Amino acid sequence: MIGLLKKWGIVICVAFVVLGIFTVKTYGVAEKITTDMLQDPNSEKNKENISRIVLHDTGRDAVFSPEETVEITVYEGDLLGNGQEQAIIALSFGLKNTDLAAYTKNKEGDDYTYISDVGEFFDVKDVFFLPLNSDGTNIMIVREYANQNIGAYERSSFLKGYIWDDKNEMFQNVLNIPEGIEVTWNGSWDTSGEERWQKIEERSEFADGKTDENNPTLKLTQYQAYRISDSTDKDNIPDESTFHTAKNRVVNQTYYWDDNWRRFILSEKKDKATGENVAVIEDYSASPYVLVEEYNNMANNVAIQRQNGTIEIVPSNTLWELDGTEAKSTFLVYE
């Protein structure tokens, strides 16, 4: 009997020790994101709790741990059209990994409920919102910066737009345009075979406006240049002072929101082959790459969205204007 009590005593002691350890480990662990946490998201405790919850909700807890979060940024805007502000939480894991997730504040209480994952990005520089008059929601615009040293030395930034799709309960991409580009490469790497350093640069200024229906527009002024270096060292990127401008131009484009297409478009055209209306969502003639002779064959292509939602790249001469005349350019250019 004494031996049995001793055994039970050991079991009880072990149980208390395990319970004590478990209690210490779980003490202070939040189950919900709260307003107080979002007001100071980068304090040690809040950063760990927010990161853990977001990674779990988005299913990325197998890829990253809360301890790997470098910084948390919170943006707010009404994305659901319910008169309440939603929180867009950005978890940064460095220059090449940022997760965006959306949460809505509960009507009762001080906590937030997970809505959906927005996506994975490189480095998110900013998130801002454009009001959509037709249904009272906001379009979320993400400014993404990508530093990609793959082949050519490329740094670029993009404007990516998203709107909440209530039917499918997900964010739909409604805009994807380059905002800035800087690419440096040696001609020996491409079809030209010339051992000289070359560079493409694009810097954009944009302003948001309104259509006649009071829906948003994005007007871009793009300053583009093609530059060549005098350096003969093909192994090392030359100093900036060795480059001279071979070609340059200024491009003006206007993207406008179209309720029928439920996205930003440049224009609406007619497919010569099928007779259906299509939306032009990108015109590659406006790309700075067309300044380079080896790549100017892309100048005759546009990206379109068809009425079934599919996106294709087609030659621009396969399209009519809606009145049946030859398709016109979607932008203005100044050499």
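Rounding to the nearest 10 and keeping the result within 0 to 90°, find how far the Cα-based axis of helix 2-26 lies from the longest principal axis of the chain. Tilt of helix 2-26: around 30 degrees.
Taking one quarter of the surface of the C-alpha convex hull of the stretch 76-219 gives a mean projected area of 11.1 nm². The charge dipole of the chain, taken about the Cα centre with unit charges on the Cβ atoms of Lys, Arg (+1) and Asp, Glu (-1), comes to about 940 debye, rounded to the nearest 20.
With viscosity 1.567 mPa s and temperature 4 °C, the Kirkwood radius over alpha carbon pairs of the chain converts through Stokes-Einstein to a diffusion coefficient of 55 µm²/s. Over all directions, the projected convex hull of the C-alpha atoms in the stretch 207-305 averages 9.1 nm² in area. Kirkwood hydrodynamic radius computed over the stretch 163-241 comes to 16.2 Å, based on all pairs of distinct alpha carbons. Here the average projected area of the convex hull drawn through the C-alpha atoms of the stretch 59-160 stands at 7.9 nm². For the stretch 251-300, the Kirkwood estimate of the hydrodynamic radius, built from every pair of different alpha carbons, is 12.4 Å. Measuring against 30 Å, Cα to Cα, the residue pairs Lys219/Lys328; Lys125/Lys328; Lys96/Lys270; Lys199/Lys272 contain Lys125/Lys328; Lys96/Lys270; Lys199/Lys272 as the ones spanning a longer distance. The Cα-based radius of gyration of the stretch 28-92, divided by its Kirkwood radius, gives an Rg/Rh of 0.98. Candidates Leu38, Val280, Thr254 compared by Cα position along the dipole of the chain: farthest toward the positive end lies Leu38, with charges placed on Cβ.
Panel values: the stretch 59-117, Kirkwood radius from alpha carbon pairs, Stokes-Einstein at 20 °C and 1.002 mPa s, translational diffusion coefficient 171 µm²/s.
With viscosity 1.306 mPa s and temperature 10 °C, the Kirkwood radius over alpha carbon pairs of the stretch 261-335 converts through Stokes-Einstein to a diffusion coefficient of 124 µm²/s.
Helix 44-58 axis versus longest C-alpha principal axis of the chain: approximately 70°, rounded to the nearest ten.
Quick note: the coordinates plus some simple rules give every number you see, no bench work behind them. Please read these numbers as outputs of a predicted model, since none were measured by experiment. In this analysis, Cβ positions are derived from the backbone assuming ideal geometry, glycine residues included, and neighbour counts consider all displayed protein chains.
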